[in-house]
Amino acid sequence: MKTSLQPSQDALKNLEQALLISQPTDLERDGTIQRFEYCYEIMWKAAQRILKENEVHAETPKVVFRELGRLGWIQNVEDWLEFQKARNETSHEYGLKLALHSYELAKKFLPLAQGLYKVLFEKSRD
């Protein structure tokens, strides 16, 4: 059975909508960061499943993104590791400086995640 990418598509749309807010309030910024967090989680897990369907086993986010890079499915593994670090940090501590950094990373994450989604979609149809 092929992996459904509908949750990934929905999460990306939710993040995109949040990032359209030009002057977010603190609450809107924090909600955007939360959308970034769950979007990141959904994307790495979807990538893990698609890799497995392609007979590549990777158990952790770092290994998943390294494999994606090795296969040429993503361009810059370091960006993805930075997203992982930010996601982990915002889950365990919080402050204005971290929030602002994470919000900016969410902006950087969205187009890269949309690109990965396209690759995963293609690979899930092979």
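In the stretch 27-53, what count of residues is obtained for those that are without any contact (Cβ under 8 Å) to a residue 60 or more places away in the chain and among the acidic types (D, E)?
Count: 3.
With the requirement that a residue be more than 16 Å from F109 (Cα to Cα) and under 14 Å from the mean Cα position of the chain (by Cα), what does the stretch 7-44 give you?
Scanning the stretch 7-44 gives a single hit, P7.
Among the residues of the stretch 61-87, write down those that are charged (D, E, K, R) and touching a residue at least 12 places away in the same chain (Cβ under 8 Å).
K62, E67, D79, E82, R87 - these are the residues of the stretch 61-87 that are charged (D, E, K, R) and touching a residue at least 12 places away in the same chain (Cβ under 8 Å).
Filter the stretch 52-71 down to the residues that are of a type in the set (A, V, I, L, M) and either touching a Phe, Trp or Tyr at 6+ places or on another chain (Cβ under 7 Å) or in a helix (DSSP H, G or I) (or both) and list them by number.
Within the stretch 52-71, V63, V64, L68, L71 qualify.
Go through (1) in a helix (DSSP H, G or I); (2) more than 15 Å from the chain's Cα centre (by Cα); (3) over 21 Å from Q6 (Cβ atoms) and name the single condition Y103 misses.
The single condition Y103 does not satisfy is (2).
Of the residues E82, E53, which single one is out of contact with any Ser or Thr (no Cβ under 7 Å at 6 or more places or on another chain) and of a type in the set (D, E)?
Only one candidate passes the filter, namely E82.
Which is touching a Lys or Arg at 6+ places or on another chain (Cβ under 7 Å), of a type in the set (A, V, I, L, M), under 19 Å from S8 (Cα atoms) and at pLDDT 95 or above, of I50, I74, I42?
I50
Looking only at the stretch 101-126, count every residue that is surrounded by 12 or more Cβ atoms within 10 Å (Cβ to Cβ) and touching a residue at least 40 places away in the same chain (Cβ under 8 Å) and tell me the total.
Summing the residues that are surrounded by 12 or more Cβ atoms within 10 Å (Cβ to Cβ) and touching a residue at least 40 places away in the same chain (Cβ under 8 Å) in the stretch 101-126 gives 17.
Which ones in the stretch 7-41 are in a loop (DSSP other than H, G, I, E, B) and either exposed (fewer than 15 other Cβ atoms within 10 Å of the Cβ) or touching a Leu at 6+ places or on another chain (Cβ under 7 Å) (or both)?
L20, I21, S22, Q23, T25, listed by residue number.
Any chance you could count how many residues in the stretch 72-97 are touching a Leu at 6+ places or on another chain (Cβ under 8 Å) and part of a helix (DSSP H, G or I)?
Summing the residues that are touching a Leu at 6+ places or on another chain (Cβ under 8 Å) and part of a helix (DSSP H, G or I) in the stretch 72-97 gives 8.
The values are calculated or read from the model by the stated rules, or taken from the named source; none is laboratory data. Since we're looking at a predicted model, the values are computed, not measured. Note that each Cβ is placed from the backbone with ideal geometry, even for glycine, and that neighbours are counted across all protein chains shown.
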